[in-house]
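Data first, discussion second: the structure below is written as C-alpha coordinates.
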Amino acid sequence: MPTHYIGRKGPQAFLANRVKMFPIEIVARKIATGSYLRRNPNVSEGETLNPLVWEFFLKDDASGNIVVADVIDNDSWRIWPYGEKAQMRDKQVFRDAQNPGPKELARIKANYEWVARATDKFLRD
(Lines give C-alpha, C1' and ligand atoms only; values in the text may rest on other atoms or scores of the structure.)
Protein backbone atom coordinates (compact mmCIF):
# COMPACT_ATOMS: atom_id res chain seq x y z
CA MET A 1 0.00 0.00 0.00
CA PRO A 2 1.51 3.35 -0.97
CA THR A 3 2.14 5.87 1.79
CA HIS A 4 3.50 9.40 2.04
CA TYR A 5 6.66 8.10 3.80
CA ILE A 6 9.86 8.26 1.71
CA GLY A 7 12.61 7.47 4.21
CA ARG A 8 14.61 8.52 7.24
CA LYS A 9 16.70 11.71 7.19
CA GLY A 10 18.37 11.11 10.54
CA PRO A 11 17.72 9.73 14.02
CA GLN A 12 14.83 12.16 14.63
CA ALA A 13 13.62 13.09 11.15
CA PHE A 14 12.00 11.56 8.09
CA LEU A 15 11.16 12.64 4.56
CA ALA A 16 7.58 12.42 3.26
CA ASN A 17 5.55 13.58 0.31
CA ARG A 18 3.09 16.41 0.94
CA VAL A 19 -0.38 15.01 1.51
CA LYS A 20 -3.88 16.39 1.51
CA MET A 21 -5.57 15.25 4.68
CA PHE A 22 -9.13 14.09 4.93
CA PRO A 23 -10.54 15.69 8.09
CA ILE A 24 -11.52 12.38 9.67
CA GLU A 25 -10.56 11.03 13.07
CA ILE A 26 -10.95 7.34 13.82
CA VAL A 27 -10.92 6.28 17.45
CA ALA A 28 -10.60 2.66 18.59
CA ARG A 29 -11.69 2.19 22.18
CA LYS A 30 -10.98 -0.80 24.38
CA ILE A 31 -11.58 1.03 27.65
CA ALA A 32 -14.36 3.54 28.32
CA THR A 33 -13.00 6.98 29.14
CA GLY A 34 -13.02 10.61 28.04
CA SER A 35 -15.64 11.91 25.63
CA TYR A 36 -17.08 8.40 25.21
CA LEU A 37 -18.47 8.66 28.74
CA ARG A 38 -20.25 11.93 27.97
CA ARG A 39 -21.96 10.31 24.98
CA ASN A 40 -22.67 7.09 26.91
CA PRO A 41 -23.59 8.07 30.49
CA ASN A 42 -24.72 4.52 31.30
CA VAL A 43 -21.11 3.25 30.95
CA SER A 44 -18.60 3.46 33.84
CA GLU A 45 -15.11 4.87 33.40
CA GLY A 46 -12.54 2.13 32.94
CA GLU A 47 -15.12 -0.40 31.74
CA THR A 48 -13.69 -2.80 29.16
CA LEU A 49 -15.42 -2.48 25.82
CA ASN A 50 -15.81 -5.88 24.24
CA PRO A 51 -15.96 -5.93 21.32
CA LEU A 52 -13.69 -2.99 20.55
CA VAL A 53 -15.67 0.19 19.82
CA TRP A 54 -14.80 2.16 16.65
CA GLU A 55 -15.84 5.82 16.44
CA PHE A 56 -15.58 8.11 13.42
CA PHE A 57 -15.47 11.91 13.71
CA LEU A 58 -15.27 14.73 11.19
CA LYS A 59 -12.63 17.24 12.22
CA ASP A 60 -13.26 20.92 11.52
CA ASP A 61 -10.35 23.38 11.51
CA ALA A 62 -12.81 26.28 11.75
CA SER A 63 -14.00 24.95 15.11
CA GLY A 64 -10.45 24.84 16.47
CA ASN A 65 -9.80 21.14 15.98
CA ILE A 66 -6.28 20.33 14.82
CA VAL A 67 -5.87 17.97 11.90
CA VAL A 68 -2.65 15.93 12.03
CA ALA A 69 -1.18 13.14 9.90
CA ASP A 70 -0.39 9.73 11.34
CA VAL A 71 1.31 10.75 14.55
CA ILE A 72 1.96 8.21 17.28
CA ASP A 73 2.82 9.91 20.54
CA ASN A 74 1.39 10.83 23.94
CA ASP A 75 -1.03 13.24 22.26
CA SER A 76 -2.62 10.80 19.82
CA TRP A 77 -3.52 7.83 21.98
CA ARG A 78 -4.47 6.75 25.46
CA ILE A 79 -1.78 4.65 27.09
CA TRP A 80 -2.82 2.65 30.13
CA PRO A 81 -0.35 -0.23 30.60
CA TYR A 82 -2.23 -3.40 31.51
CA GLY A 83 -5.49 -1.41 31.27
CA GLU A 84 -4.73 0.32 34.58
CA LYS A 85 -5.56 4.03 34.58
CA ALA A 86 -3.16 4.60 37.50
CA GLN A 87 -0.29 3.75 35.11
CA MET A 88 -1.45 6.33 32.54
CA ARG A 89 1.31 7.51 30.18
CA ASP A 90 -0.67 9.77 27.83
CA LYS A 91 -1.42 13.49 27.59
CA GLN A 92 -4.10 13.33 30.27
CA VAL A 93 -1.34 13.30 32.90
CA PHE A 94 -0.41 16.82 31.78
CA ARG A 95 -4.05 17.97 31.63
CA ASP A 96 -4.75 16.65 35.15
CA ALA A 97 -1.77 18.52 36.65
CA GLN A 98 -3.50 21.87 37.25
CA ASN A 99 -0.46 23.68 38.68
CA PRO A 100 2.41 21.34 37.92
CA GLY A 101 5.40 21.67 40.19
CA PRO A 102 8.76 19.87 39.91
CA LYS A 103 7.31 16.50 41.04
CA GLU A 104 4.48 16.55 38.46
CA LEU A 105 6.77 17.78 35.68
CA ALA A 106 9.24 14.98 36.46
CA ARG A 107 6.39 12.43 36.13
CA ILE A 108 5.28 13.94 32.83
CA LYS A 109 8.86 13.91 31.54
CA ALA A 110 9.30 10.27 32.60
CA ASN A 111 6.05 9.33 30.83
CA TYR A 112 7.11 11.03 27.60
CA GLU A 113 10.49 9.30 27.77
CA TRP A 114 8.71 5.95 28.26
CA VAL A 115 6.59 6.58 25.17
CA ALA A 116 9.66 7.68 23.17
CA ARG A 117 11.38 4.37 24.00
CA ALA A 118 8.24 2.38 23.16
CA THR A 119 7.59 4.14 19.84
CA ASP A 120 11.25 3.97 18.86
CA LYS A 121 10.59 0.30 18.12
CA PHE A 122 8.23 1.41 15.31
CA LEU A 123 11.01 3.40 13.60
CA ARG A 124 13.66 0.73 13.39
CA ASP A 125 14.39 -0.12 9.76
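The values are calculated or read from the model by the stated rules, or taken from the named source; none is laboratory data. These numbers were taken from a predicted model, which means no experiment stands behind them. Using ideal geometry, Cβ is built from the backbone for each residue, glycine included, and neighbour counts are taken over all protein chains shown.
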Yes or no: D60 at pLDDT below 85, surrounded by 10 or more Cβ atoms within 10 Å (Cβ to Cβ) and under 27 Å from D120 (Cα atoms)?
no
N74 passes all but one of the listed conditions (1) surrounded by fewer than 11 Cβ atoms within 10 Å (Cβ to Cβ); (2) modelled with pLDDT under 80; (3) within 30 Å of K9 (Cα to Cα); the exception is number (1)
Failed criterion for F22 (all others in (1) surrounded by fewer than 12 Cβ atoms within 10 Å (Cβ to Cβ); (2) in contact (Cβ under 8 Å) with a residue 12 or more places away in the chain; (3) among the aromatic types (F, W, Y) hold):
(2)
Out of R39, R29, R95, R8, sole residue that is at pLDDT 85 or above, of a type in the set (K, R) and surrounded by fewer than 11 Cβ atoms within 10 Å (Cβ to Cβ)
R39
What is the one condition in (1) more than 13 Å from the chain's Cα centre (by Cα); (2) in contact (Cβ under 8 Å) with a residue 12 or more places away in the chain; (3) at negative phi that D90 does not satisfy?
(1)
For segment 77-92, give me the residue count where each residue is of a type in the set (S, T, N, Q) and either at pLDDT 80 or above or exposed (fewer than 13 other Cβ atoms within 10 Å of the Cβ) (or both).
1
Restricting to segment 32-57, count the residues that are in contact with an Asp or Glu (Cβ under 7 Å, 6 or more places away or on another chain) and within 27 Å of D120 (Cα to Cα).
1
